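Trainee: Shown below is the structure under consideration.
The values are calculated or read from the model by the stated rules, or taken from the named source; none is laboratory data. In this text the structure is predicted, and so the values were computed from the model without any measurement. Backbone-built Cβ (ideal geometry, glycine too); neighbour counts: all protein chains shown.
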Amino acid sequence: MNARALLIRGGEVWSPDHRGTLDVLTINDRIMALGDHLELPGWAPGEVLDARHQLVMPGLVDQHVHISGGGGEGGPQFRTPELQLTDLTRWGITTVVGLLGTDGTTRSVQELLAKARALAFDGLNTRIYTGAYEVPTRTITDSPRNDIILIGRIVGIGEIAISDHRGSHPSDRELAHLAGEARTGGLLAGKAGVLHLHVGSGARRLDPLLAVLDIADVPIGTMVPTHLNRTPELLRDAVRWGHRGGYLDITTSIAPDEHDRAAVSPVEAVKSLRQEGVVLDRISFSTDAGGSAPVFDSTGRLLHMGVGSAQSLFNSVCSLHEQLSLEWNEALKPATVTPARILKLGDVGRIEVGARADVVITDGREVRTVIAAGRVMVRDREPVVWGMFEKTEGQNR
Ligand code: ZN
């Protein structure tokens, strides 16, 4: 097999640190060089991409995606479909963690693992959590800890539901046990060992996690609560978690609209967390893409079943830049280096030599070109690599 090269010429590189106007050379799936006036090596056939007057950023990292579908609240007709490759790539997402949600009965971790492998074949960087909402949770082996240790792609447990009527209402001690399983599994596997927690609109909010800190010796970074912008009350509670040094995950597909007036937009959530003294480095974004977004009328009748979109991740980064006047190095953190740190994925979320060649080229408003593992997936806003069954016409393989 020949080496394959890509030279991204003359863009303004945010790694996410500002590196100035630079060329980026990738060979196969890695970034090989950053510098001025780079050339394609003679021994590797390749392509030159003109990125002048564009921003060059790391591919985005999304730690909460229902890649094999989700939902089902309302009946089996509301099970949301599997995501396709370009549902993610066209919005600049190159690393995902797949997970199950409410339905751990008709959906399985096995199915999720197969879907993650399929997306990896297509060029995405994929991991999964073992589990679903309920405790005891769903696994492939006999325990979540064994799943983390024995199955390469499994980096933690999730999404376990707390403070939600759809969850199984685990006791604080059961949660502490799960956190221990994640922690020890991660240690023995050399992985993150995250316990990723869906937080609902229930009255206990983050109390169960604060209780775990009191009764167990689990490092706070093991537990990653998400959907914290669901309501202003939950967001206020999240400040306590942030002050203790915990990570706070904001769901970018949650935003106020005519159906959900309580939600806090991602940019407003970041703004108020920072005003309350939570440092930006503890705040991450994820999309909940592929998950169900049910719309109810005032009597609770289901009107419409929406699906979380992956577009919201890039848009939220842009909103931090535009509305909060954060420079790109800061605005990019919640979708690049911070989730990569949470997941202990050392080679993604950055543009640096040796990292995976995952790159987004953008004008700062729209994703224009997306490179995953050194391969152009989206070119001038049009996908050029499609999933196996995504497109029958013009398919490139
Ligand atoms: Zn959830």
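Trainee: Do you know which residues across the range 51-80 are among the hydrophobic types (A, V, I, L, M, F, W, C), under 23 Å from the mean Cα position of the chain (by Cα) and more than 16 Å from the ligand (Cβ to nearest atom)?
Mentor: Leu55, Val56, Met57, Leu60, Val61
Trainee: State whether the residues of the range 54-69 include one that is under 21 Å from Ala116 (Cα atoms), of a type in the set (Gly, Ala, Ser), in a loop (DSSP other than H, G, I, E, B) and modelled with pLDDT under 95.
Mentor: Yes, some residue in the range 54-69 is under 21 Å from Ala116 (Cα atoms), of a type in the set (Gly, Ala, Ser), in a loop (DSSP other than H, G, I, E, B) and modelled with pLDDT under 95.
Trainee: Right, another one. Taking the residues in the range 124-160 that are under 19 Å from the mean Cα position of the chain (by Cα) and of a type in the set (Val, Ile, Thr) as candidates, determine which candidate is farthest from Val224 (Cα to Cα).
Mentor: Selected residue: Thr126.
Trainee: Report whether or not Ala176 is within 16 Å of the ligand (Cβ to nearest atom) and at pLDDT 95 or above.
Mentor: No: the conditions fail for Ala176.
Trainee: Now, a different point. Report, by residue number, each residue of the range 210-230 that is within 15 Å of Glu159 (Cα to Cα) and either within 15 Å of the ligand (Cβ to nearest atom) or under 16 Å from the mean Cα position of the chain (by Cα) (or both).
Mentor: Within the range 210-230, Met223, Val224, Pro225, Thr226, His227, Leu228 meet the criteria.
Trainee: Return yes or no: is Val48 crowded, with 18+ Cβ neighbours inside 10 Å and more than 16 Å from the ligand (Cβ to nearest atom)?
Mentor: No, not satisfied.
Trainee: Then there's this: Looking at (1) within 16 Å of the ligand (Cβ to nearest atom); (2) in contact with a Leu (Cβ under 6 Å, 6 or more places away or on another chain), find the lone condition where Val135 falls short.
Mentor: With (1) within 16 Å of the ligand (Cβ to nearest atom); (2) in contact with a Leu (Cβ under 6 Å, 6 or more places away or on another chain) applied to Val135, the lone miss is (2).
Trainee: Just one of Gly308, Gly387 is modelled with pLDDT under 95, surrounded by 18 or more Cβ atoms within 10 Å (Cβ to Cβ) and in contact with a helix residue (DSSP H, G or I) (Cβ under 8 Å, 6 or more places away or on another chain); which is it?
Mentor: Gly387
Trainee: Next question. Show the residue pairs meeting these rules: Cβ distance below 7 Å; 6+ apart or different chains; first residue within the range 215-228 and more than 15 Å from Ser284 (Cβ to Cβ); second residue of a type in the set (Gly, Ala, Ser).
Mentor: Short answer, once both residue conditions are applied: Ile215/Ala176; Ala216/Ala176; Ala216/Ala179; Ala216/Gly180; Val218/Ala176; Val218/Ala179; Val218/Gly180.
Trainee: Still on this structure, please answer the following. Residues of the range 237-246 being closer than 12 Å to Val279 by Cα and either charged (D, E, K, R) or within 16 Å of the ligand (Cβ to nearest atom) (or both), which ones?
Mentor: Correct list: Arg244 only.
Trainee: Follow-up question, since we're still on this one. Against the definition (away from the ligand (no atom under 16 Å from the Cβ), in contact (Cβ under 8 Å) with a residue 24 or more places away in the chain and either farther than 28 Å from Ala179 by Cβ or in a loop (DSSP other than H, G, I, E, B) (or both)), how does Thr105 come out, yes or no?
Mentor: no
Trainee: Can you pull out the residues in the range 84-97 that are buried (at least 24 other Cβ atoms within 10 Å of the Cβ) and in a loop (DSSP other than H, G, I, E, B)?
Mentor: Gly92
Trainee: Out of the residues in the range 256-281 that are aliphatic (A, V, I, L, M) and surrounded by 14 or more Cβ atoms within 10 Å (Cβ to Cβ), state the one that is farthest from Gly245 (Cα to Cα).
Mentor: Filtering first and then ranking leaves Ala263.
Trainee: Scan the range 63-88 and report the pairs whose first residue is farther than 26 Å from Thr338 by Cα and whose second residue is aromatic (Phe, Trp, Tyr), with Cβ atoms within less than 8 Å and a gap of 6+ or a chain change.
Mentor: Gly71/Phe78; Gly72/Phe78
Trainee: Another question about this same structure. Please tell me if Ile250 is in contact (Cβ under 8 Å) with a residue 12 or more places away in the chain and over 19 Å from His321 (Cα atoms).
Mentor: No; evaluated as a whole, the condition is false for this residue.
Trainee: Only one of Thr95, Thr130 is away from the ligand (no atom under 16 Å from the Cβ) and of a type in the set (Ser, Thr, Tyr); which?
Mentor: Thr95
Trainee: Now for a separate question. Report, ordered by the first and then the second residue, all pairs with beta carbons closer than 7 Å, sequence separation of six or more or different chains, a first member in the range 175-203 that is under 16 Å from Tyr133 (Cα atoms), and a second member that is polar (S, T, N, Q) and part of a helix (DSSP H, G or I).
Mentor: Note: pairs meeting the criteria are Ala179/Thr222; Ala182/Thr222; Val194/Thr222; Leu195/Thr222.
Trainee: Could you tell me how many of the residues in the range 188-209 are of a type in the set (A, V, I, L, M), away from the ligand (no atom under 16 Å from the Cβ) and modelled with pLDDT of 95 or more?
Mentor: Going through the range 188-209 one residue at a time, the tally reaches 3.
Trainee: Just give me the residues in the range 154-172 being within 14 Å of the ligand (Cβ to nearest atom) and without any contact (Cβ under 8 Å) to a residue 12 or more places away in the chain, in sequence order.
Mentor: none
Trainee: Just the residues that are closer than 30 Å to Leu34 by Cβ and not polar (S, T, N, Q), please, taken from the range 57-86.
Mentor: Answer for the range 57-86, where residues must be closer than 30 Å to Leu34 by Cβ and not polar (S, T, N, Q): Met57, Pro58, Gly59, Leu60, Val61, Asp62, Val65, Leu85.
Trainee: Let me ask something else about it. Can you tell me which residue is surrounded by the fewest Cβ atoms within 10 Å (Cβ to Cβ) among those in the range 98-138 that are among the β-branched types (Val, Ile, Thr) and closer than 24 Å to Val370 by Cβ?
Mentor: Looking at the filtered set, the residue picked out is Thr126.
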